[in-house]
Amino acid sequence: ICSTLKRVAPLELQMPALSPTMEEGNIVKWLKKEGDEVAAGDALCEIETDKAVVIMESNDDGILAKILVQEGSRGVRLGTLIALMVSEGEDWTRVEIVSEGEDWTRVEIPALELRLSPAARHILDTHGLDPHLAKATGPRGLITKEDALKLLNQSGERLSAPPAAAVAPPAPVSVSPPIAPSTGRPTFPALSVPGKPGMPGTFTEIPASNVRRVIAQRLTQSKSTIPHAYASVDCDLGPVMKLRKQLATEDIKVSVNDFIIKATAVSLREMPEVNVMWSGDGPQALDYIHISIAVATPRGLITPIIKDAANKGLQEIAATAKALAQKARDGKLLPEEYQGGSFSISNLGMFGISEFSAVINPPQACILAVGGTRAELRLAPQNPDGPVLRTQQLMTVTLSSDGRLVDDELASRFLEKFRTNLEQPQRVSVP
């Protein structure tokens, strides 16, 4: 009697593109284990993208047969095979890949190219050590400074006594050109002597998360390709503070930032020429007003969006902003909750910053940097008995604008419109 084992053709699960700018992701945690039944829509794993930690859901019913990329794996490229599923009723323990010319070696994480930190490369080059002999302990096979030092100690060398340079043979006298006659100009010794560089200082390699790397790339792109222009204005927050107190008596809690979001959105509705962005073909007028609000998280800065902010009331804006900020800090934002903003706001007033300028978030045209409030004595000329001094609660905002889209005159008019709307909160507080 003979028997044959039927090979099971699996459904391949690949690293998905969970944001437009995502090139690779990190497997944070598997939420299912091998052998678990899976229904369409079930959460399979948590993936850290270049924006946030996003849950990958199953599109099919079946059984999770094989996890090929374990949780904690970093830098997994898009399209990489990360797991296999089989249909219900099939033997998941006998799953195989049946793609032609391929075997299980295809799904193993490929060996990484030799990667060295700058400090490690310096140490190994200085002492003539083979980097292939170093045991990498850094992220994704990175040879760190500590790895290089360990190899150096194992080789018997001492940091305090690097190998002495060989004595150079004396140069033939006939090769030297004749000395030119003195012109009275003083001669100076060489500023530096060629040779091996000194030992590196002490520092610790910090692995960059996907979010941090993308932030660095986008900031560099923004400052190097967008002609930034800046304009500032002082706003009187007295009317906003008065209305906040009045709303608090009715158990309606809204922040100053909520008023700023609303005033910005209304100003964009009244001045649509500012609600634009730059594309590869030139300016594009936007028919939506989605305000991106900068939120600091342990992974870096992220900008969830309040959609259609001009048509939302203060209470709805406050509730939405609070919920999005919490989801951002927890790393649970969905892609549609941080993609597609038309204008950004960054508020550092709560950190004691009086004023600052922010970097534009491409492809948007503007970002409003909001400082803290301060009390100042100013003349109030509207007094019927003549100008008098009164204390004002002032706040400085700075608009960073793309000079290709928003020139200085347009930026000035927008800031004046924003100040008028913010200083008349009763008018803009309703949808």
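Bear in mind these aren't lab numbers, they're just calculated from the coordinates by the rules spelled out. These figures come from a predicted structure and were not determined experimentally. Positions of Cβ are generated from backbone atoms using ideal geometry, with glycine treated the same way; all protein chains shown enter the neighbour counts.
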Checklist entry - Which value in nm describes the separation of the simple spin-label points at Arg218 and Tyr288, placed 7 Å from the Cα toward the beta carbon? => result 1.6 nm
Checklist entry - With no solvent and one point on each alpha carbon, what is the Debye value of log10 I(q)/I(0) for the stretch 228-428 at q = 0.08, 0.10 Å⁻¹? => result -0.27, -0.42
Item to check | Pairwise label distance in nanometres, Ala323 with Ala296, each label 7 Å out on the Cα-Cβ vector | outcome: 2.6 nm
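About the Cα centre of the stretch 228-428, how large is the charge dipole given +1 on each Lys and Arg Cβ and -1 on each Asp and Glu Cβ? Please answer in debye to the nearest 20. Mind showing how you got there, number by number?
Numbers: 21 positive and 23 negative charges, 142 e Å.
Roughly 680 debye, rounded to the nearest 20.
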Checklist entry - Tell me, what is the FRET efficiency for Leu149 and Arg374 to the nearest 0.05, using R0 = 45 angstrom and their Cβ-Cβ distance as r? => result 0.35
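Which length gain, in nm to one decimal place, applies between Asp408 and Glu250 when the Cα-Cα distance is subtracted from 0.36 nm times their residue separation? Display every interim value, and only then the final one.
Details: separation 158, 0.36 × 158 = 56.88 nm, distance 4.16 nm.
Stretched out fully, the Asp408 to Glu250 stretch lengthens by 52.7 nm.
By the gyration tensor of its Cα atoms, with a ≥ b ≥ c the square roots of the eigenvalues, what is the shape of the stretch 11-107: rounded for a/c under 1.5, prolate for a/b over b/c, or oblate?
Numbers: a/c = 2.03, a/b = 1.37, b/c = 1.48.
Oblate.
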Next on the checklist: Normalised by the empirical 2.2 N^0.38 Å for globular proteins, what value does the Cα Rg of the stretch 314-431 take?
Outcome noted: 1.29
Item to check | Estimated distance in nm for a label pair at Val233 and Leu389, the labels positioned 7 Å out from Cα along Cα-to-Cβ | outcome: 2.8 nm
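Let me check against my output: what whole-number percent is the relative contact order of the stretch 11-107, with C-alpha pairs under 8 Å and at least 6 apart? Display every interim value, and only then the final one.
On the way: 209 pairs, mean separation 30.8, N = 97.
Across the stretch 11-107, relative contact order equals 32 percent.
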